[in-house]
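Here the structure comes first, spelled out in structure tokens, and everything after it is commentary.
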Amino acid sequence: MADSPSRILVANGPNLNLLGTREPGLYGAATLADVETLCAETGQRLGLEIDFMQSNHEGALVDAIQAARGTAQGIVINPAAYTHTSVAIADALRATELPVVEVHISNVHAREEFRKHSYVSPVATAVIAGAGLNGYRFAIEHLASVLEG
Ligand code: DQA
């Protein structure tokens, strides 16, 4: 029997539901639905199943990450503002023992001081910031190569 395809959780944090209308000078004109399409197309090309979610709530993100322990082989996460505040999300990611790629649409290092610290980065296999929406594509491609071994 053929192996079932690897599954990647793509999780998005608070305010990313507003993509397209929120500070378009920083985050661009594309919407979260465009990000989902990009991730689905990338997954299809690489033979990966994509579970895509967004929440404005820290606990919902923790629940989704915990659920990925049993269902996914890797995680792409844009934790948005929780990047800079959430020990709970970092702990949940660590507990999965899965490869994690942290994505930021903007270059957080070229912005305010508080955006330069990430609780998630020490848990991440790779961090992509400032590549716009392409960051999600690069993240999925990276996980595909990690999972191939
Ligand atoms: C962000 C950067 C964060 O600092 C910010 O709070 C966001 C989006 C990004 O994708 O560039 O909401 O994660």
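If one computes the Cα centroid of segment 42-75 and of segment 20-35, what distance in Å separates the two points?
Cα centroid of segment 42-75 versus Cα centroid of segment 20-35: 21 Å apart.
Compute and list, largest first, the equivalent-ellipsoid semi-axes of segment 7-148 from the alpha carbon gyration tensor, each √(5λ) rounded to a whole angstrom.
In descending order, the three semi-axes are 20, 18, 14 Å.
Compute, for segment 7-148, the length of the dipole vector about the Cα centre, with Cβ point charges of +1 (Lys, Arg) and -1 (Asp, Glu) only. Units Debye, rounded to 20.
The calculated dipole for segment 7-148 is roughly 180 debye.
So for segment 71-120, considering every pair of alpha-carbon atoms, how many percent are separated by more than 16 Å?
It works out to 39 percent of all Cα pairs.
Specify the longest stretch of the chain that does not include any exposed loop site, a site being one of the trypsin sites (Lys or Arg not before Pro) with a non-H, G, I, E, B DSSP assignment and at most 14 other Cβ atoms within 10 Å.
That would be 23-110.
Which order do the peptides 25-37, 55-67 come out in when sorted by mean C-beta neighbours inside 10 angstrom, highest first?
55-67, 25-37
Rounded to the nearest 0.05, what FRET efficiency do Ala67 and Asp34 have when you use their Cβ-Cβ distance and R0 = 25 Å?
0.50
If each DSSP helix of 4+ residues adds -39,500 (n - 2.57) and the sum is divided by the residues in the chain, what number results at 222 nm, nearest 500 deg cm²/dmol?
Theoretical 222 nm ellipticity from helices: -12000 deg cm²/dmol.
Given a 10 angstrom Cα cut-off, can you work out which residue in Ala126, Ala72, Ala110 is the most mobile in a GNM of the chain?
Ala110
Can you give the FRET efficiency to the nearest 0.05 for Gln44 and Arg94, using r as the Cβ-Cβ distance and R₀ = 41 Å?
Computed FRET efficiency for Gln44 and Arg94 comes out at 0.90.
Direction-averaged shadow area of the convex hull around the Cα atoms of segment 1-84, nm²? The partial results should precede the final answer.
Working: hull surface 24.3 nm².
Average of the hull's projected areas for segment 1-84 equals 6.1 nm².
Calculate the spin-label point distance for Ala110 paired with Met53, positioning each point 7 Å from the Cα along the beta-carbon direction, and give it in nanometres.
With each label point 7 Å from Cα toward Cβ, the separation is 3.3 nm.
A short reminder: the numbers here are calculations on the coordinates, not readings from a lab. Only a predicted model underlies this, so the values are computations on that prediction, with no experimental measurement involved. So basically every Cβ, Gly included, is an ideal-geometry build from the backbone, and we count neighbours across all protein chains shown.
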